[in-house]
1. Which value does Rg/Rh take for region 162-239 over its C-alpha atoms, Rh per Kirkwood?
2. Between rounded, prolate and oblate, where does region 70-179 land on the alpha carbon gyration tensor, with a ≥ b ≥ c its root eigenvalues, rounded for a/c under 1.5, else prolate if a/b exceeds b/c?
3. Label region 139-282 by shape, choosing from rounded, prolate and oblate, from the square roots a ≥ b ≥ c of the eigenvalues of the Cα gyration tensor; if a/c is under 1.5 it is rounded, and otherwise prolate applies when a/b is larger than b/c, oblate when it is not.
4. At q = 0.18, 0.19, 0.22, 0.29 Å⁻¹, what base-10 log of I(q)/I(0) does the Debye formula yield for region 1-66 when every alpha carbon is treated as an equal point scatterer in vacuo?
5. Can you pull the Kirkwood radius for region 191-273, inverse mean 1/r over Cα pairs, to one decimal in Å?
6. What does the charge add up to near Leu134, with Lys and Arg as +1, Asp and Glu as -1, over the other residues with Cβ less than 12 Å from its Cβ?
7. With N residues in the chain, what two-decimal value do you get for its Cα radius of gyration over 2.2 N^0.38 Å?
8. Going by average Cβ neighbours within 10 Å, how do the peptides 28-38, 165-175 rank, with the highest at the top?
Amino acid sequence: MFGYYRFFLACLVLMSHLGVSLQGFNGGVAAVISFYMLSGFVVCKLLTSVFSSNNKLVYFRFLYERALRIFPQYFFIMGATIVFLLGTNFGKPVFTVITVVSNIFIIPLNYSMLLDNSILQDPKWWLVPPAWSLGVELQAYLLLPFVVYLKPVKIVLGVLSLCIFILASFGQLHTHFFGYRLLPGIFFIFIIGTSIYKNNLGDGKEDFFDKFFSKVVYAILVAMVIILGAKGMLLVQFVRETILGVLIGMPIVIYLSNSTIKIPFNRFIGDLSYGLFLSHFLAKWMVAHYSLADRSISLFLYLLTVFALSLLFSVLGVLLVEKNINKYRFKLSVSSR
């Protein structure tokens, strides 16, 4: 059922970037938080059940497998975006060494506030605007094997990240950067995902930290909602969404991890979610360029058109790119056992 949940999360991100909110609540931010939790869950599964920890090359095999998961379809969507931008000059894109390198390697996009005066999602800088969160995930992949295999690292990084997030939420650190956008303040969310896997689907070797970390975090975040609400700080940009993303997403991930319900096309729908997540800005720009210059289209038709185009790019990405890449990914994981 994770496939359908991932697709739902991708739809929330899409609607968020089209200006759809629920009484000011940005569902896309909460969805990204759930994606982080799911990433921790999946990585723990890979490192404990798929790749052998006895293999000295497990770290590099794992990173290679994750690169095969992230980059091929990303480059497919980025290439389609470049063709569109160059063909239409939409947004008057600027290709410099910094922009090209940042978009290719993804991780620099997570630090755009240091590389550029603006963090706005502008075609002059971003080719695939949601990719900044992929930069967060790629950094998390570098650390998560140490979290899974080394208990002291897991404890130190989990507690430190949670403390940074708390300080950011109360305005002691830059709230937007350390409370949502940068890895130090949100890495604990990935660790929650690893703990959920070990508690629910692991080999029975979950430790004290795994058993109680997610519960303690949940209690702390509930208290933070109350305190921040009383102080009038809960409406600070993304604080509410990030906290509620954990409070809502954690029970859902736990439920789905324990669920034995089988739904047809779960994997295929899950594969589509990644392309939908990547391509909706390209679809949005295409609709804006070709049919929305006069803003005469209705909001519903606008949303439907962007969704349909995004879904089309996603299907093409799965059939033309991921289908072949996945065969090699799965062989790689089998050979690691």
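Here, each number is a calculation from the coordinates, and none is a lab measurement. Worth saying up front: this structure is predicted, and the values here are computed from it rather than measured. Counting neighbours? That spans all protein chains shown, and the Cβs are built from the backbone with ideal geometry, glycine included.
1. Details: Rg = 14.1 Å, Rh = 13.4 Å.
Rg divided by Rh gives 1.05.
2. Working: a/c = 3.45, a/b = 1.75, b/c = 1.97.
It comes out oblate by the Cα gyration axes.
3. On the way: a/c = 1.60, a/b = 1.21, b/c = 1.33.
Here region 139-282 falls in the oblate category.
4. -0.72, -0.76, -0.87, -1.15
5. Numbers: mean 1/r = 0.0676 Å⁻¹.
Evaluated over region 191-273, this radius sits at 14.8 Å.
6. Details: positive: Arg66, Arg69; negative: Glu137.
Its environment carries a net charge of +1.
7. Working: Rg = 19.9 Å, N = 337, 2.2 N^0.38 = 20.1 Å.
Dividing the Cα Rg of the chain by 2.2 N^0.38 Å gives 0.99.
8. Working: 28-38: 24.5, 165-175: 19.3.
Most protected by this proxy first, the peptides run 28-38, 165-175.
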